[in-house]
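Written below as structure tokens is the structure these notes are about.
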């Protein structure tokens, strides 16, 4: 067997990949060396057999579909506008719901402790008269306090012997209900004006929400129809 | 077929143009995959994957031999398939005959115009060659399939297999030597016309 460098030269010679000078050199060697001639014959034979190998026809077509390559139909420019408006209207709508549901809780959460403080102030200090300004939160809260306090008081009753937070709460309830006739009067006078404010606490009017909903739905429907028509055209 | 125009259209996203190219090259691509993989089903998968990859990355084609570029996709798909096979080895299945027995040769794809003797001869030859090809290391097999079966020149093979020209020369010489040694073992089985084949007679 010749060295591998010779075999490589012979293989390249067979394929016509040698320069003319290299070809001439290897040809003279082949004619002088029977071992090289035999090696060339082997290489040529191997290549001949491979070339004789029958070519198979593809058993099926490999053509691609749009789905296979993940192609999407070209959408009109207005599509992105409607997509944005749908998303924006939906976002605003959710924001209005969030605002309407969270803000009243926040105002209640701040009003109740203040009402309780006021109750203590009135009951404990006995200075029931000074109620023009500090009583405002209490005026906002009376309804809440009136609804909350009885249940709190009822819960507090069985544990009366034990001074606890529930007892304090019961006391707050009592004071809220019974102890301040002045506050009561003031409350009665103020309630008709303030109560509607408390009840209709919706920060964003329902008509706005409805408007946003309609805008969102219309945009979404337009978006959908644009996409469908683009798909139809594409097909 | 104006290949350049079709490639340009395909680069602009025209799938129909690319499908025309596929119809032109699918036999070569399938044969290459078949000779590298040695299994028809795997070769079909590799060919399909190659065409999908080719369409997705056709924007990266910067001219030159489109066939060589396509063959690079095929060889990559075959290597990917080999890697998958290594991770999840499976038992190769031969197609069943009408009796439910496994076929031991791919006669279902033979040319129907062949006589039984010719078909048998072709089957034996194909079996012997494929056996010897399968015995080669994958990188040698790829080079010999591209150069000797697909008839590509060295620079095209270098493009397709992403190795330098010198490496192609070396691998091809080694692969041919090994194949010749391997085929010697089948000399008795091979039809007489293939025993001491001379290039001039081919």
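The values are calculated or read from the model by the stated rules, or taken from the named source; none is laboratory data. Keep in mind that this is a model prediction, so the values were computed, not measured. Note: ideal-geometry Cβ built from the backbone for every residue, glycine included; neighbour counts use all protein chains shown.
Within the bounds of region A:196-204, is there any residue that is under 20 Å from residue A:76 (Cβ atoms) and at pLDDT 55 or above?
no
This table checks each residue for (1) farther than 30 Å from residue B:21 by Cβ; (2) modelled with pLDDT of 85 or more; (3) surrounded by fewer than 18 Cβ atoms within 10 Å (Cβ to Cβ).
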position	(1), (2), (3)
A:9	yes, yes, no
A:12	yes, yes, no
A:38	yes, yes, yes
A:65	no, yes, yes
A:84	yes, yes, yes
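Quick check on residue B:35: is it outside the structural domain of residue B:135 (by TED's automatic domain parsing), outside any helix (DSSP H, G or I) and farther than 15 Å from residue A:62 by Cβ?
Answer is no for this residue.
Tell me yes or no: at least one residue of region B:14-32 is loosely packed, with under 14 Cβ neighbours inside 10 Å, in contact (Cβ under 8 Å) with a residue 24 or more places away in the chain and in a helix (DSSP H, G or I). No - not one qualifying residue is present in region B:14-32. Within region A:62-89, the set of residues being more than 7 Å from chain B (Cβ to nearest Cβ) and part of a loop (DSSP other than H, G, I, E, B) comprises A:65, A:70, A:72, A:73, A:74, A:75, A:76.
Taking region B:39-52 as the range and being more than 10 Å from chain A (Cβ to nearest Cβ) and either surrounded by fewer than 19 Cβ atoms within 10 Å (Cβ to Cβ) or not in a helix (DSSP H, G or I) (or both) as the test, the residues that pass are B:39, B:45.
Would you tally the residues in region B:160-176 being under 22 Å from residue B:62 (Cβ atoms) and out of contact with any helix residue (DSSP H, G or I) (no Cβ under 8 Å at 6 or more places or on another chain)? Even if it seems obvious, please write down each step before you answer.
We begin by selecting, within region B:160-176, every residue under 22 Å from residue B:62 (Cβ atoms); these are B:160-165, B:168.
If we keep only those that are out of contact with any helix residue (DSSP H, G or I) (no Cβ under 8 Å at 6 or more places or on another chain) too, we end up with none.
Of the residues in that region, 0 qualify.
Residue-wise test of (1) within 14 Å of chain A (Cβ to nearest Cβ); (2) at pLDDT below 90.
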residue	(1), (2)
B:6	yes, no
B:32	yes, no
B:37	yes, no
B:66	no, no
B:71	no, no
B:76	no, no
B:85	no, yes
B:88	no, yes
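Among residues of region A:7-26 being under 12 Å from residue B:169 (Cα atoms) and in a helix (DSSP H, G or I), the one that is farthest from the other protein chains (Cβ to nearest Cβ) is A:13.
Only one of the numbered conditions (1) at pLDDT below 95; (2) within 14 Å of another protein chain (Cβ to nearest Cβ); (3) within 22 Å of residue B:1 (Cα to Cα); (4) out of contact with any helix residue (DSSP H, G or I) (no Cβ under 6 Å at 6 or more places or on another chain) is violated by residue B:59, and that is (4). Restricting attention to region B:127-153, the residues that are in a helix (DSSP H, G or I) and either under 17 Å from residue A:44 (Cβ atoms) or more than 9 Å from chain A (Cβ to nearest Cβ) (or both) total 17. Restricting B:165, B:125, B:183, B:146 to those that are modelled with pLDDT of 90 or more and surrounded by 19 or more Cβ atoms within 10 Å (Cβ to Cβ) reduces the list to B:146.
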